[in-house]
Amino acid sequence: MKKSRPHFPKIRRIAYEGPSSVNPLAFRHYNPTEVIDGRSLKDHLRFSVAYWHAFRGTGGDPFGPGTIVRPWEQGRDPVSIAKVRLDAAFEFFQKIESPFWCFHDRDIAPEGRSLAQTNRQLDQIVAHAKELQRATGVKLLWGTANLFSHPRYMCGAATNPDAHVFAYAAAQVKKALDVTKALGGENYVFWGGREGYETLLNTNLKREQAHLATFLHLAVDYAKSIGFKGQFLIEPKPREPTKHQYDFDVAAGIAFLRTHGLEKHFKFNIETNHATLAGHSFQHEIEVAAAAGMLGSIDANTGDLLLGWDTDQFNTDVRELTLAMTSILRAGGLGTGGFNFDAKLRRPSTDLEDLFHAHIGGMDAYALAFKLARRILAEGKFEQFVAARYASYDTGYGRDLEKGRLGFRDLNKLVLTKLGEPRPRSGKQEYLENLLASYLNG
Ligand code: XLS
Ligand code: NI
Ligand code: NI
């Protein structure tokens, strides 16, 4: 492949300089080649850059247009621009030491006048992406289809009241699965962008949910037919853009998948900002998915608790990430998943360099959280506390109870004849919070 001139000429590959470094363009905690338990940190963390934010984000918001102008966005032919943009992106992935990237079909290639033309354009870009992946070693964490931006999807895709739109969305996802497979994607994500409703006055909720399930079954069948082995992931979000989205949170997602016989085929892609929009903590959503054996991947970002929407900021809150990481590690990790920075620059962050600062901050925070969580788990103080807290279920009548050997009559007799009144036992929250702080603050 011919070498073009660099798109980030002033920035070299970001190096690890250690915790005492004051260089803002260096890693302080993320040392990609550091080997832990026989695996490099790069392989443990499986970071990914989100193409839509990093390379299609312009800083636009409902109150004004974009502010971010990239030097490579020049020319008339959208397909040629898309190719150069991809070159810039892969230079960035390498310089920021990200082993993966993620995209929506419409982020990487422009929509044409017909689906056939759109698909041809997508094929051209995918061929180029394949070449760039080969040349750089950067891999595809997941692909997905944008079923929410085009006006045809204003009332949903799989849940659209018009079967014609359902059919169109199916055709689009068929193609998105083809290209995700062609690029070796390790997962495929369904985020139900407009799969919900604005008002129940015009909505048949039961029928829409059944259509969504049908759509997912068809996707599973098609993936099988083409030999796509990637993991399917549902990304829950309670609202935005619609008022109510069917994949509200992980618990609603599990209920939906089980109701429709889809639970074997899906896991969850959990996004921090979506968790908090649903009124949960990030760690809560991870625990709920892990308890069901359905923890898949992470969309790494954060919201702003003073704002009620998906602000998609880079997360540098080591406390929150350490808690999340302990739950992830305890669950056995993310498997084929990874940490995808579904996060964008603030509107006034217009320098090319800002893209580096943003990802360095996110990667360093996750790397530090990973190390802290490993220490916490290795020392096992919280695990021991929690185990002791439930110890009454390990022996005697507590064990019989867990095994289903006792009924209400037995328990009633036990209390009346032997046990009497339970003694209060402290939950020791403040002690545990101090213990956590001692790990975080050294
Ligand atoms: C939007 C979602 C979206 C998905 C991919 O809120 O986070 O970016 O991750 O469609
Ligand atoms: Ni996301
Ligand atoms: Ni989001």
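The values are calculated or read from the model by the stated rules, or taken from the named source; none is laboratory data. Please read these numbers as outputs of a predicted model, since none were measured by experiment. Reconstructed Cβ throughout: ideal geometry from the backbone, glycine too, with neighbour counts over all protein chains shown. Quick note on the areas: whole protein, heavy atoms, side chains included, nothing else; ligands and nucleic acids left out. Shrake-Rupley method; radii C 1.70, N 1.55, O 1.52, S 1.80 Å.
General observations
- Accessible area of Ile81 in the full protein assembly, 1.4 Å probe (Å², nearest 10): 30
- For segment 202-305, relative contact order (Cα pairs under 8 Å, six or more residues apart, normalised by length) works out to 25 percent.
- Highest GNM mean-square fluctuation among Arg28, Arg194, Arg347, for the chain modelled with Cα contacts below 10 Å: Arg347.
- GNM result for the chain, Cα springs below 10 Å: residue of Pro24, Pro78, Pro424 fluctuating most strongly: Pro424
- Checking the cross-link pairs Lys229/Lys344; Lys229/Lys267; Lys175/Lys264; Lys224/Lys267 against a 18 Å limit on the alpha carbon distance flags Lys229/Lys344; Lys175/Lys264 as lying beyond it.
- Taking all C-alpha pairs of segment 142-270, those more than 17 Å from each other amount to 54 percent.
- Relative contact order (%) - segment 232-273, alpha-carbon pairs under 8 angstrom, separation at least six: 47
- Proximity of backbone amide H atoms, modeled 1.01 Å from N, is registered between Glu271 and Asp299 at under 5 Å, excluding neighbours fewer than 5 places apart on the same chain.
- Of the beta bridges in the chain, as assigned by DSSP with both residues counted there, near 15 percent are antiparallel.
- Per-residue HN-Hα couplings for segment 276-293 [Karplus 6.51, -1.76, 1.60; θ = phi - 60°; Hz; x = Gly/Pro]: 6, 5, 7, x, 10, 8, 4, 4, 4, 4, 5, 5, 5, 5, 5, 4, 9, x
- Note on the chain: Cα convex hull, mean projected area over all directions, 25.9 nm².
- Distant-in-sequence amide contacts of Ala15, defined by a placed amide H-H separation under 5 Å and a gap of 5 or more residues or a different chain, comprise Phe27.
- Under 5 Å between amide hydrogens, built in the peptide plane, is the criterion, and for Phe232 it picks out Tyr188, Lys267 among residues at least 5 positions away or on other chains.
- With Cα atoms as the point set, the radius of gyration and Dmax of segment 1-83 evaluate to 17.6, 51 Å.
- For a straight C-alpha distance cut-off of 20 angstrom, the aspartates and glutamates reachable from Lys42 (same-chain residues fewer than eight places away being disregarded) are Glu17, Glu34, Glu91, Glu97, Glu186, Asp299, Asp342, Asp364.
- GNM flexibility winner over the chain from Asp43, Asp249, Asp410 (Cα, springs under 10 Å): Asp410
- Accessible area of segment 144-220 belonging to carbon and sulfur atoms, whole % at 1.4 Å probe: 61
- With viscosity 1.002 mPa s and temperature 20 °C, the Kirkwood radius over alpha carbon pairs of segment 118-167 converts through Stokes-Einstein to a diffusion coefficient of 162 µm²/s.
- For segment 206-212, putting each phi into the Karplus relation 6.51 cos²θ - 1.76 cosθ + 1.60 with θ = phi - 60° gives couplings of 4, 5, 5, 5, 5, 5, 4 Hz, in residue order, rounded to whole numbers and with x for Gly and Pro.
- Cα extents of segment 43-165 along the three principal axes, largest first (Å): 44, 31, 28
- Using the rule -39500 (n - 2.57) for each DSSP H run of four or more residues, divided by the residues of the chain, the 222 nm mean residue ellipticity is -14000 deg cm²/dmol.
- Scalar couplings 3J(HN,Hα) for segment 431-442, obtained by applying the Karplus form with A = 6.51, B = -1.76, C = 1.60 to θ = phi - 60°, are 4, 5, 5, 5, 4, 4, 4, 5, 6, 6, 9, x Hz; x denotes Gly and Pro.
- Low-density loop cleavage sites - trypsin sites (Lys or Arg not before Pro) in segment 87-156, where at most 13 other Cβ are within 10 Å (DSSP): Arg113
- Here's the list of lysines a cross-link from Lys381 could span, going by alpha-carbon distance under 24 Å and ignoring same-chain residues fewer than 8 apart: Lys371, Lys428.
- Bridging of Lys243 to lysines at a Cα separation below 18 Å is possible for Lys206, once same-chain residues fewer than 8 apart are set aside.
- By a 1.4 Å probe calculation restricted to protein chains, Trp52 has an accessible surface near 40 Å², given to the nearest 10.
- The mean sequence distance of close C-alpha pairs (under 8 Å, at least 6 residues apart), as a share of the length of the chain, puts its relative contact order at 14 percent.
- In units of the rule-of-thumb radius 2.2 N^0.38 Å, segment 325-383 shows an alpha carbon radius of gyration of 1.45.
- One quarter of the convex hull surface built on the alpha carbon atoms of segment 227-326 amounts to 7.0 nm², the projected area averaged over directions.
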